[in-house]
Amino acid sequence: MKINLANIKKAKKILDKSDCVAVPTETVYGLAGNAYSDRAIRKIFRLKKRPKYNPLIVHYSNLEDLKKDCKVNKNFFKLYKKFSPGPITYILSLKKGSKISKLVTNHKNSLAVRFPKHPVIKNLLKELEYPLAAPSANISSRLSSVSKLDVIEDFGKKIKFILDGGKSKIGIESTIIDLRNKPKILRLGGLDVSSIQKLLNKKIIIKTEAGKITSPGQLKLHYSPDIPIRLNIKIAKKNEAFILIKRRKKNQSNYFFLSKNGNLKEAAKNLYSTLREIKEKKYKSIAVIKIPNKGLGKTINDRLKRASKFR
Ligand code: TXA
Ligand code: MG
């Protein structure tokens with residue numbers, strides 16, 4: 001992808017003034033602000049209508065900068081070497097002298113950190129003297145944005161500038177792993193848990209279900225298209241949008257395919273854009289065929305389950 005340096009400069013100018021810019025990442029678009037600035041963080045929470053207790057992910061371009069803010073450990077290094085930059089977010093302990101705004105973490109001493117891979121945000125981060133706090137660029141509890149147009153749909157002109165980076169390649173949020181003690185997955189995401197398990201060579205705790213909410217991303221209100229969803233459906237009703245995992249020969253206008261041949265990565269990438277399309281077409285209900293519960297299929301099922309509980 002060709003990088004438009006003038007646009008990067010423009011974004012930097014806005015961010016340097018503690019204002020917000022929407023940025024592309026390989027997972028989903030983010031609503032970014034200077035992680036060291038209370039003013040920028042307040043603005044992010046306000047724009048997103050996000051409850052203050054729900055902490056933000058901070059995005060770094062390199063390890064040296066991260067080490068100024070967080071304590072690192074063995075498991076972190078292992079995962080970092082293999083999977084960063086990429087769709088994985090680490091929960092680490094904050095260092096005492098860290099400059100991260102207290103509002104990012106709601107005064108807690110853990111921080112979620114990620115190294116994004118998308119060239120546009122990578123280039124932007126290199127130009128900045130601070131890391132970027134960025135939640136997904138959507139109004140709280142709505143579908144995440146995977147394109148510039150999605151961001152415009154949610155925020156209109158309320159955001160000064162949106163850096164365009166095309167459609168997000170992974171299309172679903174990062175996998176979150178808490179590394180402060182025994183590694184624990186807090187959110188399923190764009191990185192398959194089994195590849196994390198393989199690398200660390202042990203069974204990893206997955207704690208994304210109800211019970212005590214450790215990561216507010218676990219809230220069932222998340223990722224909702226605001227339309228009732230029925231799961232594991234073999235035959236959809238006539239006027240219902242029907243989401244299928246792969247293309248069918250006999251096509252109908254209410255059929256929506258997540259992938260051509262049942263590829264789960266491709267399906268994850270298309271999930272949010274498909275839900276948005278169905279919403280735009282004003283369907284009143286959605287049926288989803290059974291999605292294989294393996295690899296990124298687990299992440300897809302997680303999102304669909306939460307969305308289906310919305311009503
Ligand atoms: O792929 C992604 O992760 C995208 C891109 C923009 O990086 N970001 C994203 O951010 O999905 P957001 O704010 O929509 O989701 C972040 C999740 C929230 O569920 C939040 O509760 C959790 O991370 N989180 C943030 N800090 C945390 C912490 N210190 N401990 C536990 N969970 C945390
Ligand atoms: Mg989000």
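Miscellaneous remarks
- Percent carbon-and-sulfur accessible area, the chain, ignoring ligands, DNA and RNA, probe 1.4 Å: 52 percent
- Once the Cα atoms are used to define both axes, helix 296-308 deviates from the longest principal axis of the chain by about 80 degrees.
- Here the sum of -39500 (n - 2.57) over DSSP H runs of 4 or more residues, divided by the residues of the chain, equals -9000 deg cm²/dmol at 222 nm, to the nearest 500.
- Each residue of the range 53-135 gets 88 Å³ once the volume of the Cα convex hull is shared out per residue.
- Overall form of the range 10-63: rounded. Here a/c, set by the Cα gyration tensor axes a ≥ b ≥ c, is under 1.5.
- Taking all protein chains into account, the per residue accessible area for the range 88-182 stands at 43 Å² (1.4 Å probe).
- Cα pair distances of the chain binned at 20 Å [whole percent]: 34, 58, 8, 0
- To the nearest ten degrees, helix 5-16 and the longest principal axis of the Cα atoms of the chain are 70 degrees apart.
- Pairs with C-alpha atoms separated by more than 18 Å, drawn from the list 12/48; 10/126; 117/169, are 12/48.
- Rounded to the nearest whole angstrom, the semi-axes of the ellipsoid equivalent to the range 234-304, taken from the Cα gyration tensor as √(5λ), stand at 19, 13, 11, largest first.
- With the gyration tensor restricted to C-alpha atoms of the range 1-140, the semi-axes of the equivalent ellipsoid amount to 21, 19, 14 Å, longest first.
- For the range 59-95 versus the range 231-253, the gap between their alpha-carbon centres in whole angstrom: 42 Å
The values are calculated or read from the model by the stated rules, or taken from the named source; none is laboratory data. Every value quoted in this text rests on a predicted model; they were computed, and no experiment measured them. Quick note on the areas: whole protein, heavy atoms, side chains included, nothing else; ligands and nucleic acids left out. Shrake-Rupley method; radii C 1.70, N 1.55, O 1.52, S 1.80 Å.
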